[in-house]
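Worksheet for the structure shown next.
No lab work stands behind these numbers, since they all come straight from the coordinates. Everything numeric in this text was worked out from a predicted model, so none of it was measured. FYI the Cβ positions are ideal-geometry reconstructions off the backbone, even for glycines, and counts take in every protein chain you see.
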Amino acid sequence: MYSSGKLRIDELTPEESSVYATLKPERMPEHVAIIMDGNGRWAGSRSMKRFIGHQQGAKSVQLVTETASRIGLPWLTLYAFSLENNLRRPRAEVNFLMRLLRTYLETNVQRMNDNNVRMQYIGRIHELPPEVQDKMHWAEQATAANTGTTLTLALNYGGRSELVDAFRSLAAEMKLKNLSPDRISEEDIHRHLYTAHMPDPDLLIRTSGEMRLSNYLLWQVAYTEIFVTDRLWPDFRGVNLLEAIGEFQCRERRFGGLGQDSGEVDEETERAKIVAN
Ligand code: FPP
């Protein structure tokens, strides 16, 4: 794992710098994904309308992205609006989130460029209102030449619908090339995901304490380390991203193999243990 973006450590806040100093540069994640949860609770606990929570959440998006760009994180993927949010939330809230997204893009593209951040999207984007799609394409184009962090917003996104879309597209390719289904490999499925051009996330952060994946990047998180914090998304800042990376660096990743301290596996001893039990 490594960071390929350019480091701008001198731009970190003093608090961020002191956490960053404890991190191991050789064990930085390449891709961090975040389930941003708790905007509604943040507002509710202050007797404010949910909308205010979303507005504050949008500020966190910008601040966390800027910290990610300063530490040279190559990929940051944020769950901004799920397919289920689109179907199940009151229309007024969905409309507000769409307006907030447009305003967010309009007002933050300059800051994205100042931070060398490239914006991309995953999800069923074509189902979003045309004026929102226009603004999204504009922001993507305006930041396309940036070479630092790629900020991917998952919008009208669902992990299962991504798999449906991938299988449809793979089936069409196989039909065209007259290929047999038993030739399908994991690599073929990966090639047809929205995230085909990215590495899988190393770290998945979820705010607000819920222990769920909520249909996020289901295929991609097979071996991702999960970090859940009780902190609500509008209170989440760059320093909290760095703390989560610190915790990630303490984990031992095995990818289904054995840990470093497991020692040699002596087949005879293992067999003897099984017999003895
Ligand atoms: C969860 O809060 C958050 C969302 C519905 C999506 C995230 C949206 C934002 C961070 C705001 C806008 C983002 C951009 C990119 C402009 P919730 O309403 O589910 O919170 P609750 O569980 O406390 O009710």
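Here are the numbers for this structure:
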{"read-out": "The range 1-159 - convex hull of alpha carbons, volume per residue in Å³", "value": "122 Å³"}
{"read-out": "For the chain, built as a Gaussian network whose Cα springs stay under 10 Å, the top-fluctuating residue of Ala154, Ala21, Ala43", "value": "Ala21"}
{"read-out": "As computed over the range 79-121, the Cα convex hull volume per residue (Å³)", "value": "63 Å³"}
{"read-out": "R0 of 22 Å, Cβ-Cβ distance Thr13-Asn113: FRET efficiency to nearest 0.05", "value": "0.55"}
{"read-out": "In nm, spacing of pseudo-spin labels at Arg183 and Ser45 (7 Å Cα→C-beta vector)", "value": "5.5 nm"}
{"read-out": "Two-site FRET efficiency, Arg124 against Asp235, from Cβ-Cβ distance with R₀ of 30 Å, rounded to 0.05", "value": "0.50"}
{"read-out": "Net charge, Arg183 excluded, C-beta distance under 15 Å - Lys, Arg +1, Asp, Glu -1", "value": "-2"}
{"read-out": "Peptide ranges 194-202, 174-182, 65-73, 47-55 listed from the most packed, as the mean C-beta count within 10 angstrom indicates", "value": "65-73, 194-202, 47-55, 174-182"}
{"read-out": "Qualifying trypsin sites (Lys or Arg not before Pro) for the range 191-252 [loop in DSSP, other Cβ within 10 Å: at most 13]", "value": "Arg212, Arg251"}
{"read-out": "Relative contact order [Cα under 8 Å, 6+ residues apart], the chain, whole percent", "value": "26 percent"}
{"read-out": "Charge tally in the Cβ shell below 9 Å around Leu232, where Lys, Arg are +1 and Asp, Glu are -1, Leu232 excluded", "value": "-1"}
{"read-out": "Nearest-20 debye value, the chain charge dipole, Cβ charges on Lys, Arg, Asp, Glu", "value": "1260 debye"}
{"read-out": "Size descriptor, Kirkwood hydrodynamic radius, that averages inverse alpha-carbon separations across the chain, Å", "value": "20.4 Å"}
{"read-out": "Kyte-Doolittle at least -1.0, axis length at least 24 Å by Cα - qualifying DSSP helices, the chain", "value": "50-70, 91-114, 159-177"}
